[in-house]
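Visitor: The structure is given below, and queries will be raised subsequently.
The values are calculated or read from the model by the stated rules, or taken from the named source; none is laboratory data. Since this is a predicted model, take the numbers as computed values, not measurements. Positions of Cβ are generated from backbone atoms using ideal geometry, with glycine treated the same way; all protein chains shown enter the neighbour counts. Heavy atoms of the whole protein, side chains included, go into the accessibility calculation; ligands, DNA and RNA do not. Shrake-Rupley method; radii C 1.70, N 1.55, O 1.52, S 1.80 Å.
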Amino acid sequence: QVQLVESGGGLVQAGGSLRLSCATSGIIFSINAMNWYRQAPGKQRDLVATITSGGNTNYADSVKGRFTISRDNAKNTVYLQMNSLKPEDTAVYYCCVRTVPYAYWGQGTQVTVSS
């Protein structure tokens with residue numbers, strides 16, 4: 001049974017930082033690319049960052065230079081360090097792993113950035 005559990009969300013002032021974690025089980029974590037998505041109220045779910053099994057990373061333009069995705073294969077955990085947060089970063093953040101033909105999602109963690 002695949003499980004992804006996010007944590008680390010909360011309320012922060014603009015300019016602040018948060019670190020999200022996503023602990024996984026039921027997959028061979030080290031061979032899978034991991035993704036962070038976010039969904040703001042009334043909007044579609046958007047890809048924020050990806051890290052491959054080899055550690056290569058990719059970011060949405062809106063978060064480049066502010067967010068950093070990383071992984072710890074020993075802990076089966078992926079992280080999203082978010083710095084210089086803006087009110088427009090407010091959303092529910094989800095981690096996701098795709099093992100064709102399936103996609104597995106966590107329950108999400110709320111990030112709220114106040115101005």
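Visitor: Which of the residues spanning the stretch 56-82 are open to solvent by less than 50 Å² (accessible area, probe 1.4 Å) and either in contact (Cβ under 8 Å) with a residue 60 or more places away in the chain or more than 17 Å from Asp46 (Cα to Cα) (or both)? Before the answer, list the steps.
Guide: Here is the first cut: in the stretch 56-82, the ones open to solvent by less than 50 Å² (accessible area, probe 1.4 Å) are 59-60, 63, 66-67, 69-72, 77-80, 82.
Selection gives Ser70, Arg71, Asp72, Thr77, Val78, Tyr79, Leu80, Met82.
Visitor: Looking for whichever is within 20 Å of Gln107 (Cβ to Cβ) and either basic (Lys, Arg) or in contact (Cβ under 8 Å) with a residue 24 or more places away in the chain (or both) here; the options are Leu47, Leu18. Which one fits? It would help to see each step written out before you state the result.
Guide: Details: Leu47 fails: either basic (Lys, Arg) or in contact (Cβ under 8 Å) with a residue 24 or more places away in the chain (or both).
Only one candidate passes the filter, namely Leu18.
Visitor: Can you go through Arg45, Arg38, Arg19 and tell me which one is under 20 Å from Asp72 (Cα atoms) and basic (Lys, Arg)? So that I can check it myself, show each step before the final result.
Guide: On the way: Arg45 fails: under 20 Å from Asp72 (Cα atoms); Arg38 fails: under 20 Å from Asp72 (Cα atoms).
Answer to the selection: Arg19.
Visitor: Could you figure out which of (1) assigned to a strand (DSSP E or B); (2) touching a Gly at 6+ places or on another chain (Cβ under 9 Å) isn't true of Ser84?
Guide: All conditions pass for Ser84, except number (1).
Visitor: Could you run through the stretch 15-49 and say how many residues are modelled with pLDDT of 95 or more, of a type outside the set (A, V, I, L, M), in contact with a Ser or Thr (Cβ under 7 Å, 6 or more places away or on another chain) and open to solvent by 20 Å² or more (accessible area, probe 1.4 Å)?
Guide: Within the stretch 15-49, residues that are modelled with pLDDT of 95 or more, of a type outside the set (A, V, I, L, M), in contact with a Ser or Thr (Cβ under 7 Å, 6 or more places away or on another chain) and open to solvent by 20 Å² or more (accessible area, probe 1.4 Å) number 2.
Visitor: A follow-up question, please. Can you confirm whether Val12 is modelled with pLDDT of 95 or more, more than 29 Å from Gln1 (Cα to Cα) and in contact with a helix residue (DSSP H, G or I) (Cβ under 7 Å, 6 or more places away or on another chain)? Before the answer, list the steps.
Guide: On the way: modelled with pLDDT of 95 or more: yes; more than 29 Å from Gln1 (Cα to Cα): yes; in contact with a helix residue (DSSP H, G or I) (Cβ under 7 Å, 6 or more places away or on another chain): no.
For Val12, the condition - modelled with pLDDT of 95 or more, more than 29 Å from Gln1 (Cα to Cα) and in contact with a helix residue (DSSP H, G or I) (Cβ under 7 Å, 6 or more places away or on another chain) - is not met.
Visitor: Considering only residues that are of a type in the set (Gly, Ala, Ser), part of a strand (DSSP E or B) and either on the phi > 0 side of the Ramachandran plot or at pLDDT 95 or above (or both), which ones fall in the stretch 87-115?
Guide: Residues satisfying the conditions are Ala91, Ser114.
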